[in-house]
1. On the basis of being farther than 30 Å from Ile113 by Cβ, out of contact with any helix residue (DSSP H, G or I) (no Cβ under 7 Å at 6 or more places or on another chain), among the aliphatic types (A, V, I, L, M) and in contact (Cβ under 8 Å) with a residue 24 or more places away in the chain, does Leu152 make the cut?
2. Identify all residues within segment 18-53 that are farther than 17 Å from Ser66 by Cα and free of Cβ contacts under 8 Å to residues at least 40 places away in the same chain; write none if there are none.
3. Out of Leu219, Leu201, Leu185, Leu214, which single residue is modelled with pLDDT under 85, farther than 28 Å from Asp114 by Cα and hydrophobic (A, V, I, L, M, F, W, C)?
4. Can you tell me how many residues within segment 172-182 are in contact (Cβ under 8 Å) with a residue 24 or more places away in the chain and either surrounded by fewer than 19 Cβ atoms within 10 Å (Cβ to Cβ) or not assigned by TED's automatic domain parsing to the domain that holds Leu58 (or both)?
5. If only one of Leu222, Leu195, Leu183, Leu214 is assigned to a helix (DSSP H, G or I), at negative phi and under 17 Å from the mean Cα position of the chain (by Cα), which one is it?
6. State whether one or more residues within segment 155-164 are of a type in the set (Asp, Glu), touching a Lys or Arg at 6+ places or on another chain (Cβ under 8 Å) and not in a helix (DSSP H, G or I).
7. Looking at Leu31, Leu12, Leu94, which is the one that is in contact with a helix residue (DSSP H, G or I) (Cβ under 8 Å, 6 or more places away or on another chain) and under 26 Å from Asp206 (Cβ atoms)?
8. Could we say that Val7 is within 18 Å of Arg210 (Cα to Cα) and either over 22 Å from the mean Cα position of the chain (by Cα) or among the hydrophobic types (A, V, I, L, M, F, W, C) (or both) here?
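The values are calculated or read from the model by the stated rules, or taken from the named source; none is laboratory data. Keep in mind that this is a model prediction, so the values were computed, not measured. Cβ atoms come from the backbone with ideal geometry, glycine included; neighbour counts cover every protein chain shown.
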Amino acid sequence: MAQDVVVETRSLTKIYRDFWGRKKKTALNALDLKIHKGEIFGLLGPNGSGKTTTIKLLLGLLFPTSGDAFVFGEPAAKVEKNERIGYLPEESYLYRFLNAEETLDFYGRLFDIDAETRRRRSAELIEMVGLGADKKRILKEYSKGMRQRIGLAQALINNPELVILDEPTSGLDPLGTRWMKDLILDLRKQGKTVLMCSHRLDDVQDVCDRIAILYNGDLQTLGKVSSLLEDAARLEVRAKKVRESAELKADLEAVFRKHGGELELVGHPTTTLEDLFLRIVEESKARPGRRYLPPAEEAAGAKKG
């Protein structure tokens with residue numbers, strides 16, 4: 001296994017069987033995969049495609065039917081390697097009657113972290129995930145988004161080299177989602193390797209370097225996000241300081257015809273709903289009391305009605 005390979009699977013297969021030993025379902029079929037140090041890797045697929053099975057095999061929570069899985073060059077079944085892994089499951093099973101500080105102290109003890117380091121690390125993580133004002137509240141009183149934040153702090157308490165995130169933006173509002181994506185990018189800057197599963201494809205597109213798509217336990221595609229999303233049959237041209245007009249469109253059509261192409265669309269680019277939402281919120285923070293007023297002609301029409 002190469003030095004920069006953090007996770008590797010070789011023909012990794014998991015077959016679930018019934019009580020009589022008959023094959024019930026092939027959850028994962030001969031998966032070959034490599035995840036390199038310092039990259040953000042997305043594992044995608046619909047429900048039942050094998051994502052969770054893959055994670056459980058990597059953590060040593062399941063044993064493969066055949067094939068091999070390695071993490072940090074060690075067999076995945078070797079539980080000692082989990083000391084270097086942080087894991088955020090889709091549903092965080094945390095103790096509801098502990099507060100944030102007690103929760104992180106508890107998980108720090110599981111990793112045999114000394115008391116002073118636990119206190120310092122817990123305080124840093126609570127502030128990082130934005131729960132400083134709620135650190136004394138018990139988790140039973142937390143919203144789902146807040147539980148997701150403390151779950152992430154729990155996953156980072158041991159300062160892991162590999163971080164596995166299962167649906168990390170689940171339960172987060174658009175601001176929390178943007179925060180989570182920025183934090184994932186920051187983990188990469190720190191040299192950590194991130195493996196994330198998500199149904200929110202826009203999140204994956206924003207942060208992942210490479211992705212793999214599973215379907216019914218089979219690997220369907222694997223590669224860089226930029227390469228997989230590129231439409232080689234089309235050419236995109238952008239310009240500024242120019243307005244759309246019939247004359248402009250006619251000129252562009254002539255240029256593309258000359259080069260054997262065909263003009264499909266002329267228009268102004270659009271932003272994403274997420275970007276619009278975040279911009280409006282930031283502008284509202286900067287200008288307290290601001291509110292939307294309809295254009296004069298709309299207001300006049302409403303009065304006539």
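1. Values: farther than 30 Å from Ile113 by Cβ: no; out of contact with any helix residue (DSSP H, G or I) (no Cβ under 7 Å at 6 or more places or on another chain): yes; among the aliphatic types (A, V, I, L, M): yes; in contact (Cβ under 8 Å) with a residue 24 or more places away in the chain: yes.
In short, no.
2. Listed by number, the residues that qualify are Asp18, Phe19, Trp20, Lys34, Asn47.
3. Details: Leu219 fails: modelled with pLDDT under 85; Leu185 fails: modelled with pLDDT under 85; Leu214 fails: modelled with pLDDT under 85.
The unique qualifying residue is Leu201.
4. Here is the first cut: in segment 172-182, the residues in contact (Cβ under 8 Å) with a residue 24 or more places away in the chain are 172-181.
Those still in the list that are either surrounded by fewer than 19 Cβ atoms within 10 Å (Cβ to Cβ) or not assigned by TED's automatic domain parsing to the domain that holds Leu58 (or both) too: 173-176, 179.
Within segment 172-182, residues that are in contact (Cβ under 8 Å) with a residue 24 or more places away in the chain and either surrounded by fewer than 19 Cβ atoms within 10 Å (Cβ to Cβ) or not assigned by TED's automatic domain parsing to the domain that holds Leu58 (or both) number 5.
5. Working: Leu222 fails: assigned to a helix (DSSP H, G or I); Leu195 fails: assigned to a helix (DSSP H, G or I); Leu214 fails: assigned to a helix (DSSP H, G or I).
After ruling out the rest, the residue left standing is Leu183.
6. Filtering segment 155-164 for residues of a type in the set (Asp, Glu) gives 161.
This time we only want the ones that are touching a Lys or Arg at 6+ places or on another chain (Cβ under 8 Å), so: 161.
The next check asks that each one be not in a helix (DSSP H, G or I); those that pass are 161.
Yes: one or more hits.
7. Working: Leu12 fails: under 26 Å from Asp206 (Cβ atoms); Leu94 fails: under 26 Å from Asp206 (Cβ atoms).
Answer to the check: Leu31.
8. On the way: within 18 Å of Arg210 (Cα to Cα): yes; either over 22 Å from the mean Cα position of the chain (by Cα) or among the hydrophobic types (A, V, I, L, M, F, W, C) (or both): yes.
Yes: the conditions hold for Val7.
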